[in-house]
1. So which residues in the range 197-253 are among the basic types (Lys, Arg), open to solvent by 40 Å² or more (accessible area, probe 1.4 Å) and closer than 19 Å to residue 179 by Cα?
2. From the list 181, 149, 157, 167, which residue is touching a residue at least 60 places away in the same chain (Cβ under 8 Å), open to solvent by less than 30 Å² (accessible area, probe 1.4 Å) and more than 17 Å from the chain's Cα centre (by Cα)?
3. All but one of (1) open to solvent by 30 Å² or more (accessible area, probe 1.4 Å); (2) more than 21 Å from residue 21 (Cα to Cα) hold for residue 119; state the number of the condition that does not hold.
4. Quick check on my filter: what residues within the range 68-96 are buried (at least 19 other Cβ atoms within 10 Å of the Cβ) and within 18 Å of residue 271 (Cβ to Cβ)?
5. Taking the conditions exactly as written (under 19 Å from residue 133 (Cβ atoms), of a type in the set (A, V, I, L, M, F, W, C) and out of contact with any Leu (no Cβ under 6 Å at 6 or more places or on another chain)), does residue 189 satisfy them or not?
6. Within the range 33-152, considering only strands (runs of 3 or more DSSP E) that don't extend past its boundaries, which have at least 1 residues that are out of contact with any helix residue (DSSP H, G or I) (no Cβ under 9 Å at 6 or more places or on another chain) and over 30 Å from residue 5 (Cα atoms)?
7. Find the residue count for the range 51-64, including only residues that are touching a Ser or Thr at 6+ places or on another chain (Cβ under 8 Å) and open to solvent by 10 Å² or more (accessible area, probe 1.4 Å).
8. Return the residues of the range 1-31 that are at pLDDT below 95 and open to solvent by less than 10 Å² (accessible area, probe 1.4 Å); say none if nothing qualifies.
Amino acid sequence: MPDCIMMLKFTKMHGLGNDFVVINALDQAINPDRDQIRRIAHRRYGIGCDQLLVIHPGRHEQADFLVSIYNADGSEAEQCGNGMRCVAAFLRENGLVSKDELVAETGAGLIKLYCEGDLIRVNMGRPGFKPADIPLAAAAQRQPYNLEVDGMDIEFVALSLGNPHAVLLVDDVDSAPVSVVGPRLQSHAVFPSSVNVGFMQILDDSRIRLRVYERGAGETPACGSGACAAVAAGIKVYNLAGKVDVSLPGGSLEVSWAGDDTPIWMKGPSTTVYEGNINL
């Protein structure tokens, strides 16, 4: 028997099927270790989720709260667009905040959230295309980059949204080699911090389809930062319009970007599934 059992109250939420376990640590110190995170995220022996989100008091004077983001494998992530929408909805639904404009502190910096009825609009910050921003162990060049991986010639646009992304243009996302190319790129030395890999099919200049193979989670039904990365890559390299409907397996997000040094915006829903308790 363990010497001490800690009972945690949690809320299960999702943003377009990208699912989260949300834990309120505003009034108590909760810092789960890697084994605990893996247990919580396990879909047979725990609750099951793509990411665990722990809400702490903000440390920055402008922040309403701080969010620690953990992938299902126990690793920590800097950014999570779908997760931020769920956190904003959680705080509002539980009466922890009443205002419509919130500032979240994350590993990627401060993120601004706007509650607009049933949808949450997120300022995801400015995309960074310099190799040092991503990080990418390659000299800067005109995007897209080319890389040979296991005999495959892979072309991708690399960028950061506080976390690293590689966006591949494909003819059809349904037949894209997501489960093959995704992990190959994630483990490649050119991405020293690994990478989220997006497979983008352009339908027209304002509509794309997207699948994302996420760091620490594998393919997920939706990825907010991945959707923003795909739109930023599409606008910069493939002549997408400034406002794009992104169709993911779990549903659609609206993403807009004016280019250059302006922030990229994402809007979409969040859903509360259930509340419960888990012993750790």
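1. Listed by number, the residues that qualify are 209, 211.
2. 157
3. Unmet for residue 119, out of (1) open to solvent by 30 Å² or more (accessible area, probe 1.4 Å); (2) more than 21 Å from residue 21 (Cα to Cα): (2).
4. 80, 81, 82, 83, 84, 85, 86, 87, 88, 89, 90, 91, listed by residue number.
5. yes
6. Ranges flagged: 101-106, 109-116, 119-123, 145-149.
7. 1
8. Hits for the range 1-31 are 8, 30.
The values are calculated or read from the model by the stated rules, or taken from the named source; none is laboratory data. Computed from a predicted model, the values in this text were never measured in an experiment. Because the Cβ atoms are built from the backbone with ideal geometry, glycine has one as well, and the counts that use them run over all protein chains shown. Surface accessibility is based on the protein's heavy atoms, side chains included, excluding ligands, DNA and RNA. Shrake-Rupley method; radii C 1.70, N 1.55, O 1.52, S 1.80 Å.
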